[in-house]
Amino acid sequence: MREDKPDAQDDPLLIERIARGDRLAMQVLFARHRLRVFRFILRHIRNEAAAEDVLAEVFLDVWRQAGRFEGRSSVSTWLLSIARFKALSLARSRTEAQLDEQYAAGLPDEADDPEVEAAKRDKSALLRLCLEKLSVEHREIVDLVYYHEKSVEEVAQIVGIPAATVKTRLFYARQKLSEIFKRAGVDRGWP
Amino acid sequence: MTTKKSNESERNAELAPFYVVGALSPAEKALFEAAMARDAELAKNVAAAREERDEVLALNDAMPAPSPRALQQLLAGIDAEPARKPSFWSRLDLGAGLARIFSPRALGWAAVAAGLLITAQAGLLTLQRPQPVGQFTTASQKQAPVEGGSFALVVFAPDANVAAISKLLAREGAKIVDGPRAGGFYRIRLGGADLAPAEARRRLDALRQAKALVRFAEPSR
């Protein structure tokens, strides 16, 4: 079990308490989920200060809407759904020029051959590089499954797409990884 | 037959990442593992998915964490929200109260309360002296009729330490006069009839602030 994996068993109880105006429960929920939700937001908007603003807004929405939470999904799935909506709304309202330049400069470019060449000597490093080269749509679904450990149905709910699309989108994302590997002349063993 | 097998193979190939993170149902998992045992390509797929997961975790773990500013911003936002006015029934929180009554921790609490009762009664029988302010009493204990004053209904945290609660009550000049009632409620006397309303409010707030010990505290008649 990973250290930052939220212990979600009593999340619904926290939401009940938040609905009654319990600030302490709000702080517990925030402490439990802030890291994962923040990183999910940061993937979309690539600016730490803006991501923190969105993070606060997500939990403020939870404070306001806790009484309407029906428990049809896990609390973490609900949080990620709100986070995604807010992050995409902000991302759409911003221009490319507003991207944090330092962060953008750190993103690998398709043409960074020297980096790929260097990474060829280390399969893990090459895989990390390839993951960073995925499109936002593909990377999002890869993170939701591998990092957030979401099921097909949960990803479908967060992203707002059919379950079948979740499976095919992830499969294509993985094929894309293999293609980048092939272009780099490295066999990753699958497919 | 071949098409059916091909469809099954494609379906399993798509499910490999979900298998790796444990996001398949028990039935799906059993089917997947049976397929993996007879399909070498699927086993390679799973190995690749495990490598992907490891690197995705490494990449995410290398990402920054939010600064304390995010929490400050959230709390400021909550402060700016209109005050909640919970209903009488929601304030009573009967459902959660019942759950607490039957929880192992609460049963432990009941045992502690029973122990306190026996101890208190023994003390009364042998010492027959007035109890200091803040000491625990229970509803079933023989005691003088409760005088007037300011009261509160309180629910203690299930894992609260008895000594710590006694200390808190003594510090605030309060004592338990009734309970536990259904829902785990205790009636607390905050002070006598001469207690100023402002001081009663301050004592109630002090109980609320002791969040590690007190889960609920509201004025009571």
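Taken together, the values in this text are just the output of simple stated rules run on the coordinates, not laboratory data. Here the structure is a predicted model, which is why all the values come from computation and not from measurement. Reconstructed Cβ throughout: ideal geometry from the backbone, glycine too, with neighbour counts over all protein chains shown.
Couple of notes before you dig in:
- Burial ordering of A:GLU48, B:GLU52, fewest other beta-carbon atoms within 10 Å first: A:GLU48, B:GLU52
- Calculated FRET value between A:GLN65 and B:ASN7, using beta carbons and R₀ = 30 Å, to 0.05: 0.15
- FRET efficiency, B:ALA34 to A:GLN175 (Cβ-Cβ, R0 22 Å, nearest 0.05): 0.35
- Under 13 Å, Cβ to Cβ, from B:PRO197 - net charge with Lys/Arg +1 and Asp/Glu -1: 0
- Calculated FRET value between B:GLN209 and B:ASP79, using beta carbons and R₀ = 25 Å, to 0.05: 0.95
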